[in-house]
Amino acid sequence: MNPKIIKDPVHGYVEIDAAILPLLDSPAIQRLRYVRQLGFSFLVYPGASHSRFEHSVGTMHLADVACRQFGLAPKDRLLILVSALLHDVGHGPFSHASEPLMESWLGRTHDDIAGIVDTHFSSMLEQIGLDPADVCAVVKGSHPLSGIIHGDLDVDRMDYLLRDAYYTGAPYGTVDAHRLIRNIHLTEEGVVLDENGINAAESLLIARTLMRPTVYYHHVSRIGECMFQLAMLDHAMDLSVPDRERLCMLDDAECMHELKNSPDARARDLAARLYERRLYKRAIYAGQDQVNAAVFQTGLSLERTRTVAGEIAHAAGCSADEILVDIPPIPGDMSLEVQVKNRHDPLGFAEISPRLGTLNQTRREQWRLGVYTVPGLREAVADAAADVLHIKKPTRQDTLF
C-alpha cells in the first residue's frame, strides 16, 4: 500500500506511512476533526476553528522528522509516529475546556488513553507489531522515547504553537521547528541541545510566553470555558459515571446539542448564550499585585469556584448562577532540563540563556484572577468579590473591557 499524502497549511505536504492508515481512518481519530484545538478561542479569533485532528497529523509529521534526525530503528520510529497520532485522542469536547470535568468525574486526563486504546486500537497496533502498552507509555511520558512528543523540546509543542499562531493570526508563535530538531540529540542521559540551536530553543520559550495571554488565557476564551463548564456541571448533575464518560467523549457539536436540549434550564440558557455569543463580562480581573498570591498558588477546583461564587452572590444580592469565578494556578517556571553541548563542558540551558529568568517573571505577571457576571451586575459583583476574595480595588486599567 502506498503512503497517503496530506496537504497541511502549516507544514506543506505530509506523508502518512501505509501501516498507519488504518489508525488514521479509525472513528476515534476521525472524531478529532470535530474537536476544536483551542476550545472557545474562536469567540476571540474567528479563524481559530482548527481541530485536534490536524494538530495530531502535524505532530506526527514533526515526530517523523525527529525520528529520522535521531536515526531511530524502524520499530521505534513506528512507535513514535503512532504515539504522536494518538496523543490527543483522549481529549473531550472543546479540548482543554472539558479537562477539569474529566479529572473531577473520571479521575483521568487526556493523556490517560489506555481505555481508548484497549477499546479502539489494540488489534490494529498488534497487527503492525506494536505493544499497546508502549504507545500508552509514550503518550503518558513514562517511556524512554517519550521526550520526542512529551518533553521540554517536544514536537507536540512545536506544532501547536505554529498552528495556533497561523489560525489565530497572532504573530507570536514563531518557532523554527526544523532548526530546533536538527540541533537536538538523544543520548543515554537524555536530550542534549547543540549550541547552534540555542536561539531556536529561546524562540520556542518566547512564543509560549507571548501566546499565553493573547490566545491561551485570553479573558473571552476563559469566560467561554467557565460558562461551558458550569453548563456541563448542571447538565450532568444527576448523570451516572458511564453517562458522564459518554459526555466526555462527544465532539463539540454533539456536546453543544446535548446542552442546548438539556433538561436543566440553566444548562440550556448557558449553552444558548455561548451559541449566540451573549457572554458574561469581567467584574474583576486582578493580577498578583492585587491579591495574596500564596492563597491562590494552585488555583481553585471547579467545585471550590462554585462555592466562592455562592459567597460572592450572597454578598452582592444576586443569584450564584450569575457569577463565574476563574482562578487558574499561578504558572510555574518554565525550565529546559537539557544539557547544551558546546566546545567545552556541557552546561545547563539556564546557564547559557539569561532570558529564561525574565520570561518566567513575565509569565507570573501575566496571571489573572477573573470574576465574571452578566452585564447589569458588574459593579455590585466587583465590590462583593473584592470583599470575599480580599482583592485590592481594581484601577481603571484593570477594568478595561
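Quick note: the coordinates plus some simple rules give every number you see, no bench work behind them. Remember, it's a predicted structure, so these values are computed and weren't measured experimentally. Because the Cβ atoms are built from the backbone with ideal geometry, glycine has one as well, and the counts that use them run over all protein chains shown.
Return one number: the angle in degrees, 0 to 90 and rounded to the nearest 10, between the long axis of the Cα atoms of helix 265-276 and the longest principal axis of the Cα atoms of the chain. For helix 265-276, the angle is close to 60 degrees. Normalising by the residue count of the chain, find the relative contact order in percent from Cα pairs under 8 Å and 6+ residues apart. Here the relative contact order equals 15 percent. A convex hull fitted to the Cα coordinates of the range 106-259 yields 154 cubic angstrom per residue. Ordered by the number of other Cβ atoms lying within 10 Å of each residue's own Cβ, fewest first, LEU204, LEU389 fall into the sequence LEU389, LEU204. Note on the range 279-322: Kirkwood hydrodynamic radius from all Cα pairs is 12.0 Å, rounded to one decimal.
Potential lengthening of the chain between ASN196 and THR109 amounts to 27.7 nm, from the contour at 0.36 nm per residue minus the alpha-carbon distance. Modelled label positions at ARG182 and PHE70, each set 7 Å beyond Cα in the direction of Cβ, lie 2.0 nm from each other.
Could you tell me how many degrees, from 0 to 90 and to the nearest 10, lie between the Cα long axis of helix 155-168 and the main elongation axis, the longest principal axis, of the Cα atoms of the chain? Its long axis makes an angle of about 50 degrees. Of all alpha-carbon pairs in the range 221-352, indicate the percentage at a distance above 24 angstrom. Percentage above 24 Å: 47. Once both labels are positioned 7 Å from their Cα atoms along Cα-to-Cβ, the gap between ASN2 and GLU254 label points is 3.4 nm. Using a simple spin-label model with pseudo-atoms 7 Å out from Cα toward Cβ, ARG273 and ARG355 lie 4.1 nm apart. When peptides 379-386, 266-273, 84-91 are sorted by average Cβ neighbour count within 10 Å, with the highest value leading, the order is 84-91, 379-386, 266-273. The gain in end-to-end length when the THR362 to SER319 segment is fully stretched comes to 11.9 nm, 0.36 nm per residue minus the alpha carbon separation. Consider a paramagnetic label point 7 Å from the Cα of LYS392 along Cα→Cβ; state which residues of the range 263-296 have an amide N under 17 Å from it. Within reach of a label on LYS392, which here means backbone N under 17 Å from a point 7 Å along Cα→Cβ, the range 263-296 contributes 284-296. Axis angle, to the nearest 10 degrees, between helix 198-211 and the longest C-alpha principal axis of the chain: 20 degrees.
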